[in-house]
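> What follows is a structure written as structure tokens; I'll ask about it next.
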Amino acid sequence: QVQLVESGGGLVQAGGSLRLSCAVSESTFSIPMMGWYRQAPGKQRELVATITNGGWRDYAESVKGRFTISTDNAKNTVSLQMNSLKPEDTGVYYCGAKRLSVDYWGQGTQVTVSS
């Protein structure tokens, strides 16, 4: 059972930056894919960014050039650096992990971007 704990959310003005962190209960090397997802009020959860244990990154079109996903294998953390934030980036951000067709989720952290 992989356990994930997010931190770093908050309230920021448009154009500002936030860094989200996800503490992982196991070595990030052992998890083929990890990612960040978000859910805005009244909308479905959507993919924001993913990273494989080989270092391959992928991003939603809406965040390319603004967000960066990274892992720290020594600390077993996955981070999301968010720059040039927009009001439409508001939502609950979830850290996710996928291994052997099983999805694991954190409890989520709220990000609110004011205009």
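The values are calculated or read from the model by the stated rules, or taken from the named source; none is laboratory data. Quick caveat, the model's predicted, so the values are computed rather than measured. Cβ coordinates were reconstructed from backbone atoms using ideal geometry, including for glycine residues, and neighbour counts include every protein chain displayed. Surface areas here come from the heavy atoms of the whole protein model, side chains and all, with no ligands, DNA or RNA. Shrake-Rupley method; radii C 1.70, N 1.55, O 1.52, S 1.80 Å.
> Quick one: 3J(HN,Hα) in Hz for region 7-23, Karplus 6.51/-1.76/1.60 with θ = phi - 60°, rounded, Gly and Pro as x.
7, x, x, x, 9, 9, 7, 4, x, x, 10, 9, 10, 9, 10, 10, 8
> Which order do peptides 52-59, 75-82 fall in by mean Cβ count within 10 Å, highest first? Please list the in-between numbers first.
On the way: 52-59: 12.8, 75-82: 20.1.
Sorting 52-59, 75-82 by mean packing, highest first, produces 75-82, 52-59.
> In nanometres, what is the gap between the two model label sites at F29 and S101, each 7 Å from Cα along Cα-to-Cβ?
Those two pseudo-labels are separated by 2.7 nm.
> Additional query: For the chain, what does the relative contact order come out to in percent, with C-alpha contacts under 8 Å and a separation of six or more?
Details: 284 pairs, mean separation 42.2, N = 115.
Answer for the chain is 37 percent.
> Turning to a different aspect of this structure: Could you sort R99, R66 by their accessible area in this structure, using a 1.4 Å probe and putting the largest first?
Sorted descending by solvent-accessible area, the residues read R99, R66.
> Using a Gaussian network for the chain with springs between C-alpha atoms less than 10 Å apart, which of these wobbles most: K64, K43, K98?
The residue with the greatest mean-square fluctuation here is K43.
> Output the relative contact order of region 48-115, whole-number percent, from Cα pairs under 8 angstrom with separation of 6+ residues. The partial results should precede the final answer.
Details: 83 pairs, mean separation 14.9, N = 68.
Contact order relative to length: 22 percent.
> Summarise the accessible area of the chain (1.4 Å probe, protein heavy atoms) by the percent that is carbon and sulfur.
Values: 3050 of 6110 Å².
The C+S portion of the solvent-accessible surface of the chain is 50 percent.
> Let me ask something else about it. Across 10 Å bins from the origin, how do the percents of Cα pairs in the chain run, short distances first?
15, 51, 29, 5, 0
> A further question follows. Convex hull over the Cα atoms of region 52-97, averaged projected area in nm²?
Values: hull surface 15.1 nm².
Taking a quarter of the hull surface, the average projection is 3.8 nm².
> Given the Cα-Cα distance of E46 and N83 and 0.36 nm per residue of separation, how much length would full extension add, in nm? Write out the running numbers ahead of the final one.
Numbers: separation 37, 0.36 × 37 = 13.32 nm, distance 1.86 nm.
My answer for the length gained is 11.5 nm.
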